[in-house]
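The values are calculated or read from the model by the stated rules, or taken from the named source; none is laboratory data. None of the values given here were measured: they were computed from a predicted structure. Methodologically, a virtual Cβ is constructed for each residue, glycine included, from the backbone with ideal geometry; neighbour enumeration extends over all protein chains shown. When the accessible area is computed, the model is the full protein with side chains, heavy atoms only, and any ligands, DNA or RNA have been set aside. Shrake-Rupley method; radii C 1.70, N 1.55, O 1.52, S 1.80 Å.
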Amino acid sequence: MNAAAKWQWLEEELSRLKANNLFRTLRPLSSPQRSHVIWQGRELLLLASNAYLDMCADPEVIAYTAQAVQKWGCGSGGSRLTTGTTELHTRLEEALADFKGREAAIVFNSGFAANSGVIPALCPGADDWIFSDELNHASIIDGCRGTKARCIVYRHNDMADLSQKILASGFCTRVSGHGLIVSDAVFSMDGDIVDLPGMLAAAERFGLLTMVDEAHSTGVIGAAGRGIEEHFALPGRVDILMGTLSKSLGAEGGYVCGSQALVDYLRNKCRSYIFSTSLAPATMAAGLKALEILTADPSRPARLQANVRHFCRELTAAGVPARSATAIIPIPIGDEAKAVRVSQLLLEAGIFISAIRYPTVKRGQAILRAALMSSHTETELSFAAREIAKAIARA
Ligand SMILES: *Cc1c(COP(=O)(O)O)cnc(C)c1O
């Protein structure tokens, strides 16, 4: 066999991806993540970021984080249970627990590390059960794949299907083991909100634990941006409240808020927490300052929510019906190649908005995923809505 032959399978897969308009490339930015970014020397209006509250380059966050780098240095030097916990790590955990109204919180290196570690730690055994929404994030799916538990996927946000699947599963007649229902709070591609009352009712009826992923709800929904429980006025009801510091808070790291016992257990059992060097102290400082800004001043989530209403109105008026109650506004396109063309036309018009394709969404159901920030102006959003309608008509 010659040297090239052993890589033939890989070359073939790359060719397949390219032929199907599924090949991804990077777009390195030359500016911080704000509502406007520089790409290839051009300024673009950014409608694709998860930094919903425009915190990544907030002057207060930068100043506080820069001072933390000076004081604490860069790397953390160890895992959380060895030498990688500083006072900033524990302060951030206390602040998160306060913000979510819980006894305790635990910070992971990312939201992905949290989900992929927490689920196997909570439901490790072959006699355990996990019920998971079909549109849950990849990190939840990986968490389910990492356990011996029986994983049952229910129809998207369909609580009748969830109840029926629990009943049909044998969970109710088990002799050992326990069960978990897990769902995104705000679904990352469609921007819709979990039916939390329905989920809690099913959990209560059958005696399962509940876990909700607040990656796209923290800082976004609820009058003060406190997330899913505030949105439904059901404080303290979710057993395992997971989230990330990497989206609306503009920093990095995942977290779980819950009882002290839950947090103690996760610190001792979660492989992604135990066997990984902790995040840098300055990263904790960025999260702390962003959380402090959000806690002290709920005007950012209010502005974000007003922007979403304005943008959906403007899109609909331009002939592109759109609805969302979160910062994510999906615009259906369908064909993968067309979605890429629309996104390309929008780049030419000075707007950065991502085309989302299989495998992130189903085949033939490509979307433009508009993501808004609290700092977008109404003028910018009206302009973007008109350009999106034009691009769809032309592509
Ligand atoms: C982004 C995301 C994650 C992962 O969080 P990171 O901090 O980016 O690793 C987990 N769950 C959902 C729903 C997400 O959108």
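For residues in the range 117-131 being among the small types (Gly, Ala, Ser) and either part of a helix (DSSP H, G or I) or surrounded by 23 or more Cβ atoms within 10 Å (Cβ to Cβ) (or both), which is farthest from the ligand (Cβ to nearest atom)?
Among them, the one singled out is Ala121.
Which of the residues spanning the range 138-186 are among the charged types (D, E, K, R), in a helix (DSSP H, G or I) and within 18 Å of Ile119 (Cα to Cα)?
Selection gives Asp142, Arg145.
Can you name the residue in the range 187-204 that is within 16 Å of the ligand (Cβ to nearest atom) and in contact with a helix residue (DSSP H, G or I) (Cβ under 8 Å, 6 or more places away or on another chain) and is also farthest from Ser259 (Cα to Cα) among such residues? Give the derivation first.
Our first condition is that a residue be within 16 Å of the ligand (Cβ to nearest atom); within the range 187-204, this holds for 187-194, 196, 199.
Pick out the ones that are also in contact with a helix residue (DSSP H, G or I) (Cβ under 8 Å, 6 or more places away or on another chain) and you get 193-194, 196, 199.
Working: Ile193: 24, Val194: 22, Leu196: 19, Met199: 20 Å.
Taking the candidates together, the pick is Ile193.
If we keep just the residues of the range 358-375 that are more than 12 Å from Ile329 (Cβ to Cβ), crowded, with 19+ Cβ neighbours inside 10 Å and not hydrophobic (A, V, I, L, M, F, W, C), which is farthest from the chain's Cα centre (by Cα)?
Checking each candidate, the answer is Ser375.
With the requirement that a residue be of a type in the set (Val, Ile, Thr) and either surrounded by fewer than 24 Cβ atoms within 10 Å (Cβ to Cβ) or within 12 Å of the ligand (Cβ to nearest atom) (or both), what does the range 205-227 give you?
If the condition is that a residue be of a type in the set (Val, Ile, Thr) and either surrounded by fewer than 24 Cβ atoms within 10 Å (Cβ to Cβ) or within 12 Å of the ligand (Cβ to nearest atom) (or both), then Thr210, Val212, Thr218, Val220 are the ones that fit.
Please specify each residue of the range 38-53 satisfying the condition of being part of a loop (DSSP other than H, G, I, E, B), surrounded by fewer than 24 Cβ atoms within 10 Å (Cβ to Cβ) and of a type in the set (Gly, Ala, Ser).
Gly41, Ser49 - these are the residues of the range 38-53 that are part of a loop (DSSP other than H, G, I, E, B), surrounded by fewer than 24 Cβ atoms within 10 Å (Cβ to Cβ) and of a type in the set (Gly, Ala, Ser).
Of all residues in the range 138-165, which are open to solvent by 60 Å² or more (accessible area, probe 1.4 Å) and out of contact with any helix residue (DSSP H, G or I) (no Cβ under 6 Å at 6 or more places or on another chain)?
Those that are open to solvent by 60 Å² or more (accessible area, probe 1.4 Å) and out of contact with any helix residue (DSSP H, G or I) (no Cβ under 6 Å at 6 or more places or on another chain): Ile141, Arg145, Lys148, Arg150, Val153, Ala160, Gln164, Lys165.
Cβ contacts < 8 Å: first residue within 20 Å of Val361 (Cβ to Cβ), restricted to the range 7-24; second residue of a type in the set (Lys, Arg) and open to solvent by less than 100 Å² (accessible area, probe 1.4 Å), any location; separation 6+ or different chain. Result?
Asn21/Arg357; Leu22/Arg357
Is there a residue being within 16 Å of the ligand (Cβ to nearest atom) and open to solvent by less than 10 Å² (accessible area, probe 1.4 Å) anywhere in the range 54-72?
Yes: the range 54-72 contains one or more residues that are within 16 Å of the ligand (Cβ to nearest atom) and open to solvent by less than 10 Å² (accessible area, probe 1.4 Å).
Which pairs do you get when a residue that is under 19 Å from Pro197 (Cα atoms), found in the range 159-172, comes within reach of a residue that is open to solvent by 70 Å² or more (accessible area, probe 1.4 Å) and in a helix (DSSP H, G or I), reach meaning Cβ atoms under 6 angstrom, with the pair 6+ apart or on two chains?
As it stands, the answer is none, since no pair meets every condition given.
Name the strands (runs of 3 or more DSSP E) wholly within the range 245-357 that hold at least 3 residues that are crowded, with 20+ Cβ neighbours inside 10 Å?
254-258, 328-334
Counting only residues that are assigned to a helix (DSSP H, G or I) and either in contact with a Phe, Trp or Tyr (Cβ under 6 Å, 6 or more places away or on another chain) or of a type in the set (Lys, Arg) (or both), which one in the range 75-116 is surrounded by the most Cβ atoms within 10 Å (Cβ to Cβ)? Give the steps one after another, and end with the answer.
Filtering the range 75-116 down to residues assigned to a helix (DSSP H, G or I) leaves 87-99, 111-116.
From the residues that got through so far, the ones that are either in contact with a Phe, Trp or Tyr (Cβ under 6 Å, 6 or more places away or on another chain) or of a type in the set (Lys, Arg) (or both) too are 91, 96, 114.
Numbers: Arg91: 14, Leu96: 26, Ala114: 30.
By that ranking, first place goes to Ala114.
Would you point out which residue out of Leu346, Leu381, Leu368, Leu372 is in contact (Cβ under 8 Å) with a residue 24 or more places away in the chain and under 21 Å from His231 (Cα atoms)?
Just a single option satisfies the conditions, and that option is Leu372.
Take the range 376-395 and flag every residue that is surrounded by 21 or more Cβ atoms within 10 Å (Cβ to Cβ) and closer than 22 Å to Ala302 by Cβ.
His376, Leu381, Ala384, Ala385
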